[in-house]
Amino acid sequence: MHRSTRTHPIRVALLLAGLAAGGAATAAESGWEWMVEPYVWAASIGTDLRTVTPPTDADSDSSFSDVIDKLDGVFMGRVEGRNERFGAFADFIYLGLADGSQRRVLSTDTDLDARLFDLAASMRFGGERDSGLDIYGGLRYVDLDLTTRFMPDNPAFSPRTLDAGTHYSDFLVGARYAWPLSPRWNLTLRGDASFGQTDGTWSASAMAGYRTGNGAWLFGYRYMEAKLGDDNADVKLDLGGPVFGYGFRF
């Protein structure tokens, strides 16, 4: 099975910082406004693994408090630039989790390393810079390492390890609509889906923003579901929960 090359979160952080610096240097003369947004997605996470050989069935559901206990590493950040008509954004999530469970005849240990990267361009239809309808399209890249170790209670059976690690590239398409509620407050609804090497992903979010002098506080709710797999294994991953962040404007 193909093993994906790991993307270190620090490298992505440096990339986000570099994009921000470039945006700050050129925003005034180009008419573009840039936002760098570190955020926290307090998501509950569910995983579901099915394999053909050997035939297995393993699932895990973790609330956010459970996720904190199982967390191995996390990084979340977004960079977005826009002018009056066009825009572009990059969004990166890294999440590392470790979990164990006891079943009727065996116990399982599961390690999940998930990386999600969205890169897209957008076009606005009506409205102004921070309001109206945006249609966007681009790339969704999913890099998943899911390792499950099955340990039978009966010592006559040997432990087995299944590795569902691989990566997927999809075409991403979506829409976003923003309403200005007041000079400082706005509401944004977003939905998107991807297709290609995965069996399909989709996500939806509702976010409120409060604009400050140098940026904006952002908070709301986001849900995402991804169906991944190959000839031997199918993996379903779902995440849902509140989102909190601050966007620095340049």
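Every number here is computed from the coordinates shown, using simple stated rules; none is lab data. As the structure is a prediction and not an experimental result, all values here were calculated from the model. All Cβ positions, even for glycine, are placed from backbone atoms using ideal geometry, and neighbour counts span all protein chains on display.
For the reader, a short list of remarks on this structure follows.
- Alpha-carbon centroids, segment 169-201 and segment 114-140: separation in whole Å: 7 Å
- Here the gap between Asn83 and Leu119, fully extended at 0.36 nm per residue and compared with their Cα-Cα distance, gives a gain of 11.2 nm.
- Placing a pseudo-label 7 Å from each Cα along the Cα-to-Cβ vector at Ser158 and Gln102 gives an inter-label distance of 2.7 nm.
- Available extension along the chain between Ala206 and Tyr177 is 9.5 nm, counting 0.36 nm per residue and deducting the alpha carbon span.
- Taking chymotrypsin sites (Phe, Trp or Tyr not before Pro) across segment 88-161, the ones in a DSSP loop with at most 16 further Cβ atoms lying within 10 angstrom of their Cβ are Phe157.
- Karplus-derived HN-Hα couplings along segment 234-248 (A = 6.51, B = -1.76, C = 1.60, θ = phi - 60°), whole Hz, x at Gly and Pro: 10, 10, 10, 10, 10, 9, x, x, x, 10, 10, x, 10, x, 8
- Sorting Val142, Val40, Val105 from the fewest to the most surrounding beta carbons within 10 angstrom yields Val105, Val40, Val142.
- Residues Asp143, Asp199, Asp118 arranged by fewest to most Cβ contacts within 10 Å: Asp199, Asp143, Asp118
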